[in-house]
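Novice: Please read through the structure below; I'll follow up with questions.
The values are calculated or read from the model by the stated rules, or taken from the named source; none is laboratory data. Predicted, not measured: the structure shown is a model, and the values here were computed from it. So basically every Cβ, Gly included, is an ideal-geometry build from the backbone, and we count neighbours across all protein chains shown. For the accessible areas, the whole protein counts, side chains as well, though only heavy atoms, and no ligand, DNA or RNA atoms are used. Shrake-Rupley method; radii C 1.70, N 1.55, O 1.52, S 1.80 Å.
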Amino acid sequence: MRYAQGGGLTDERRVFREKLRMAAAERFVQGDENAVIAHDLRVSVRSVQRWRKAWSQGGPTALASKGPASLPLLSDELFTVLEQELAKGPVAHGWPDQTWTLSRIKALIGRRFHKSYTVQGVAALLKRHGWSCQVPARRAVERDEAAVAGWVKETWPQVEGPWRRSAPGSSSRTRPASR
């Protein structure tokens, strides 16, 4: 199963799917029908039809896994270098503040490794290596909690307005006087 944002099968899932195809190959030798095999293996009949066609043309080796669809652009060694670059911080790489964004990391990968990633690809790369999205708490250092509490108690009710009408209303939309 493939996903739009560059995902795909994990190694474990790829091995599992290969075992299913090999089990289907054994059933092909026994002469079982596609629908029965699909039901027993809990896959679609169309998948079994594709597997049977490949098996009839190339035998069980045609059903073997061919590995991942594509290799990652950054190897584990290059990702280690990327982590070292990220540890230096955005200011060391020419950005005005200490915030890493996906587009900044994308630009860093392009400059440092001459590899082209999409923003979604950068997110998938970081997630695959155990990184997560961190959103900083936006709280001012000079925040005065007493002033904030006073504002919420005194000013906010005036800004917000009353919750209920002062006069009873009507649910009828045809009586304009009721508004």
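Novice: Determine if segment 98-116 includes at least one residue that is modelled with pLDDT of 90 or more, loosely packed, with under 10 Cβ neighbours inside 10 Å and more than 30 Å from GLU18 (Cβ to Cβ).
Specialist: Yes, segment 98-116 contains at least one residue that is modelled with pLDDT of 90 or more, loosely packed, with under 10 Cβ neighbours inside 10 Å and more than 30 Å from GLU18 (Cβ to Cβ).
Novice: Sticking with this structure for a sec: Out of the residues in segment 76-91 that are open to solvent by less than 70 Å² (accessible area, probe 1.4 Å) and among the hydrophobic types (A, V, I, L, M, F, W, C), state the one that is nearest to ARG128 (Cα to Cα).
Specialist: PHE79
Novice: Consider ALA124 carefully, then state whether it is closer than 30 Å to GLU26 by Cα and open to solvent by less than 80 Å² (accessible area, probe 1.4 Å). Spell out the reasoning first.
Specialist: Numbers: closer than 30 Å to GLU26 by Cα: no; open to solvent by less than 80 Å² (accessible area, probe 1.4 Å): yes.
When the stated conditions are applied, ALA124 does not pass them.
Novice: Go through SER56, SER44, SER75, SER65 for me and flag whichever is among the polar types (S, T, N, Q) and closer than 30 Å to ARG112 by Cα.
Specialist: SER75
Novice: Looking at this structure, is PRO68 under 24 Å from the mean Cα position of the chain (by Cα) and of a type outside the set (Phe, Trp, Tyr)? If you could, list the steps in order and put the result at the bottom.
Specialist: Working: under 24 Å from the mean Cα position of the chain (by Cα): yes; of a type outside the set (Phe, Trp, Tyr): yes.
Criteria met by PRO68.
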